[in-house]
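Below is one structure, written out as structure tokens; comments come after it.
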Amino acid sequence: PLKLKSNLKLEWISDNSSLFIGAPVLSKPASEKKYNIIFIVIDAVRKDAMGYAGFPIPVSPNLDKLSKESVVFENAFVNANWTKPSMISMLYSDYSSALGLGNIGFQVESFRKNIFYSLKRKNIAEVLRNNGYYTAAIMNNVFFLDYTGVGVDLGFHEIIQVGKEIKDTKK
């Protein structure tokens, strides 16, 4: 673990090489021990189709093991009838319609974006960021990848897109 007693300063002096800095190593210094959080969301799977919930065929052995040491939401339900508003509802802990986004349409129109951003609501990623966590989302959901034009910032430090096609899902 890196312990700092003052501000961290990085200086790079070189005549023949370059330094590329990617994601920040440090966020806000933690004043107390914090838990690592991995929030796993699987779109369009029924709970009873998972091994940890009693499904007899071992289709999810790694998640089954992880569930034994994790918080599992036993009574999860959706607030909308499709992915985009459901995910936004979950991340913001409110109905997507209350956030100005509505429940229809693939893209977010300009007037809906204006409503959304004027509310200045924080989502779970922003709350974690403000408490010293580095937040990243690893996604392969067409409704949240940047090329779809969904159009709202989810507040993560980093969004990693593992694939834009179904064949990339294994990654």
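The values are calculated or read from the model by the stated rules, or taken from the named source; none is laboratory data. Owing to the predicted nature of the structure, the values given are computational and were not obtained by experimental measurement. All Cβ positions, even for glycine, are placed from backbone atoms using ideal geometry, and neighbour counts span all protein chains on display. Just so you know, the surface numbers come from the protein's heavy atoms only, side chains and all, with ligands and any DNA or RNA stripped out. Shrake-Rupley method; radii C 1.70, N 1.55, O 1.52, S 1.80 Å.
Quickly run through the stretch 48-62 and pick out the residues that are touching a Gly at 6+ places or on another chain (Cβ under 9 Å) and surrounded by fewer than 16 Cβ atoms within 10 Å (Cβ to Cβ). So that I can check it myself, show each step before the final result.
Our first condition is that a residue be touching a Gly at 6+ places or on another chain (Cβ under 9 Å); within the stretch 48-62, this holds for 48, 57-61.
Hits for the stretch 48-62 are 48, 57, 58, 59, 61.
Restricting to the stretch 56-88, and then to whatever is in contact with a Phe, Trp or Tyr (Cβ under 6 Å, 6 or more places away or on another chain) and part of a helix (DSSP H, G or I), can you tell me which residue is farthest from residue 155 (Cα to Cα)? Give the derivation first.
First, pick out the residues of the stretch 56-88 that are in contact with a Phe, Trp or Tyr (Cβ under 6 Å, 6 or more places away or on another chain): 64, 67, 79, 83-84.
If we keep only those that are part of a helix (DSSP H, G or I) as well, we get 64, 67, 83-84.
Details: 64: 29, 67: 26, 83: 18, 84: 16 Å.
Among those that are in contact with a Phe, Trp or Tyr (Cβ under 6 Å, 6 or more places away or on another chain) and part of a helix (DSSP H, G or I), it is 64.
Taking into account only those residues within the stretch 104-134 that are open to solvent by less than 60 Å² (accessible area, probe 1.4 Å) and of a type outside the set (A, V, I, L, M), which is modelled with the lowest pLDDT?
The selected residue is 105.
Determine whether the stretch 91-103 contains at least one residue that is assigned to a loop (DSSP other than H, G, I, E, B), open to solvent by 90 Å² or more (accessible area, probe 1.4 Å) and either modelled with pLDDT under 80 or touching a strand residue (DSSP E or B) at 6+ places or on another chain (Cβ under 9 Å) (or both). Please lay out each step first, then the result.
Kept after step one, since they are assigned to a loop (DSSP other than H, G, I, E, B), are these residues of the stretch 91-103: 93-95, 100-103.
Still in the running and open to solvent by 90 Å² or more (accessible area, probe 1.4 Å): 93, 95.
With the extra rule that they be either modelled with pLDDT under 80 or touching a strand residue (DSSP E or B) at 6+ places or on another chain (Cβ under 9 Å) (or both), the set shrinks to none.
No.
Is it true that some residue in the stretch 68-82 is crowded, with 16+ Cβ neighbours inside 10 Å and at pLDDT below 85? So that I can check it myself, show each step before the final result.
The first filter runs over the stretch 68-82 and keeps only residues crowded, with 16+ Cβ neighbours inside 10 Å, leaving 79-80.
Imposing the further condition that a residue be at pLDDT below 85 reduces the set to 79-80.
Yes, because at least one residue in the stretch 68-82 is crowded, with 16+ Cβ neighbours inside 10 Å and at pLDDT below 85.
Mind listing whichever residues of the stretch 39-54 are among the hydrophobic types (A, V, I, L, M, F, W, C) and within 21 Å of the chain's Cα centre (by Cα)?
Residues satisfying the conditions are 39, 40, 41, 42, 44, 45.
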